[in-house]
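Asks: Have a look at this one before I ask anything.
Just so it is clear, none of the values below were taken in a lab; they were calculated from the coordinates. Source: prediction; values computed, not measured. Cβ: placed from backbone, ideal geometry, glycine included. Neighbour counts: every protein chain shown.
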Protein chains: 2
Amino acid sequence: MTAPRYLEDFAVGQKFGSGRLTVDAACIRGFAAEFDPQPFHLDEAAARATRFNGLAASGWHTAAMTMRLLVDSEFKPAGGILGVHVELDWSRPVRPGDELRVESEVLEVRPSQSRPDQGLMKVRTTTFNQNDEPVQAMVSTVVVPRRPA
Amino acid sequence: MTAPRYLEDFAVGQKFGSGRLTVDAACIRGFAAEFDPQPFHLDEAAARATRFNGLAASGWHTAAMTMRLLVDSEFKPAGGILGVHVELDWSRPVRPGDELRVESEVLEVRPSQSRPDQGLMKVRTTTFNQNDEPVQAMVSTVVVPRRPA
């Protein structure tokens, strides 16, 4: 159990790892059926005829699994992980059987101009598969409380 | 049924609307339990003590619901909606009972430098609640095939 961290506890260059999460075909299809019902996320045979050349997870599913890995990781801002802005790149398909993990790095830490009780932090989180190939790159701006005086 | 559109069929300024999707507390909690298990997304009482001041959907849930609205909308690039890069801003909590819809606008259309058979399009998709308040702003870069010669 890691103690929650305030803005003052974070510094540029800090890194945080995660556990691993295995992706199976049923969860790829289940997420897609609810949120992203396109052939390349729903059906192996149909997916073979698309540019994915086989079943691949929705990018939104990859983003959601990344969040789960992050919430369970040692990255524990006080008050939770609260993103206000995010940039995402999907570089490689996520396939059934893939095992995902994330690596986060603090890029920027700054007090808020308008809110003396909080600050903003920029964090890069890269999601890797079991071959250490990046499947998603994310840069998030998160709100972090300052340590109470 | 709208016919799929190639890059040549899109132009800056085109707009696309969507249907509506109602958000309930059970689906907010269900998504959070799987992907974003933080108190403000999981439990009404616990959420009241957080900055959200009540149960709110995970931003990733809002993003996933936005994708569903988009896939079901009249925005139909040939070959599907294939994002490679996305920027997201969450401006307002999504609450149980909210009814979401999206509005998309084409911001940029350009042929690929490296792939003569495809192009890239930048699209802004804003997600609104039933009071026409924006809850999420997204700018996506999507790959769109060119019309076969």
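Asks: Dividing the convex hull volume of the alpha carbon atoms of the protein assembly as shown by its residue count, what do you get in Å³ per residue?
Replies: For the protein assembly as shown, the hull spanned by Cα atoms encloses 146 Å³ per residue.
Asks: Ok, one more. Placing the label point 7 Å from Cα along the Cα-to-Cβ direction, what are the distances from A:Ala149 to the equivalent spots in the other copies, shortest first, in nm to one decimal?
Replies: Shortest to longest, the spacings are 7.1 nm.
Asks: Between the alpha-carbon centers of region B:46-71 and region A:1-73, tell me the distance in whole angstrom.
Replies: If you average the Cα positions of each part, the centres end up 17 Å apart.
Asks: Need one number: the % of Cα-Cα pairs in region A:5-60 sitting beyond the 17 Å mark.
Replies: Percent of Cα pairs beyond 17 Å in region A:5-60: 51.
Asks: Kindly state, to the nearest 0.05, the FRET efficiency for B:Gln113 paired with B:Val84, given R0 = 22 Å and r defined as their beta-carbon distance.
Replies: 0.95
Asks: Please figure out what share of the DSSP beta bridges in chain A is antiparallel and state it in percent, rounded to the nearest 5.
Replies: Among the beta bridges of chain A, antiparallel pairing accounts for roughly 95 percent.
Asks: Restricting to lysine pairs 8 or more places apart or on different chains, what number in the protein assembly as shown have Cα atoms under 17 Å apart?
Replies: Taking the protein assembly as shown as the scope, the lysine pair count is 6.
Asks: How much length is gained on full extension from A:Glu74 to A:Ala25, taking 0.36 nm per residue of separation minus their Cα-Cα distance?
Replies: Length difference between fully extended and current span is 14.8 nm.
Asks: Inside 10 Å of the C-beta atoms of A:79-88, what's the mean count of C-beta atoms belonging to other chains?
Replies: Shielding by partners across A:79-88 averages 6.
Asks: Looking at chain A as a GNM with Cα springs under 10 Å, which of A:Val12, A:Val106, A:Val94 has the largest mean-square fluctuation?
Replies: A:Val12
Asks: What share of the DSSP beta bridges in the protein assembly as shown is antiparallel, in percent to the nearest 5?
Replies: Given both bridge residues lie in the protein assembly as shown, the antiparallel proportion sits at roughly 95 percent.
Asks: Before rounding to the nearest 500, sum -39500 (n - 2.57) across all DSSP H runs of length at least 4 in the protein assembly as shown and divide by the residue total; then give [θ] at 222 nm in deg cm²/dmol.
Replies: -6000 deg cm²/dmol
Asks: Over region B:89-149, what number does the Rg to Rh ratio reach, with both radii from the alpha-carbon atoms and Rh per Kirkwood?
Replies: Rounded to two decimals, Rg/Rh equals 1.18.
Asks: Non-local amide H neighbours of A:Leu82 (under 5 Å, H modeled in plane, Pro and chain starts lacking H): which ones?
Replies: Sorted by chain and number, the residues that satisfy this are A:Val143.
Asks: Tell me, what ³J(HN,Hα) does each residue in region B:125-140 have, in order and in whole Hz, if you take phi through Karplus 6.51 cos²θ - 1.76 cosθ + 1.60 with θ = phi - 60° and put x for Gly and Pro?
Replies: Karplus values, whole Hz, x for Gly and Pro: 10, 9, 9, 10, 8, 5, 9, 6, 8, x, 9, 8, 10, 9, 10, 10.
Asks: Would you grab the residues whose amide H sits under 5 Å from the one on B:Glu74? Only those 5+ places off in sequence or on another chain, please, with H modelled 1.01 Å from N.
Replies: Long-range HN contacts for B:Glu74: B:Gly17.
Asks: Across peptide A:58-68, how many C-beta atoms of other chains are within 10 Å of each residue C-beta, on average?
Replies: That works out to 6 on average.
Asks: Quick one: what do you get for region A:7-145 if you divide its Cα Rg by 2.2 N^0.38 Å?
Replies: Ratio of Cα Rg to 2.2 N^0.38 Å: 1.16.
Asks: Right, something else. Counting only Cβ atoms, what residue of chain A lies nearest to the axis that sends chain A onto chain B, and how many whole Å off?
Replies: Closest to the axis: A:Glu87, 3.
Asks: What is the angle, in °, between the Cα long axis of helix A:59-71 and the longest principal axis of the Cα atoms in chain A? Nearest 10 is fine, range 0 to 90.
Replies: Relative to chain A, helix A:59-71 is tipped by roughly 40 degrees.
Asks: Here's another thing I want to ask about it. Could you list the residues of region B:105-146 with an amide nitrogen less than 17 Å from a label point located 7 Å from the Cα of B:Gln14 in the Cα-to-C-beta direction?
Replies: The answer is B:105-112, B:118-126, B:140-146, whose backbone nitrogens lie closer than 17 Å to the label point.
Asks: Determine ³J(HN,Hα), in whole Hz, for all residues of region B:20-25 in sequence, where each value follows from phi through the Karplus function 6.51 cos²θ - 1.76 cosθ + 1.60 and θ = phi - 60°; x replaces Gly and Pro.
Replies: Rounded to whole hertz, the list is 10, 9, 8, 9, 10, 4.
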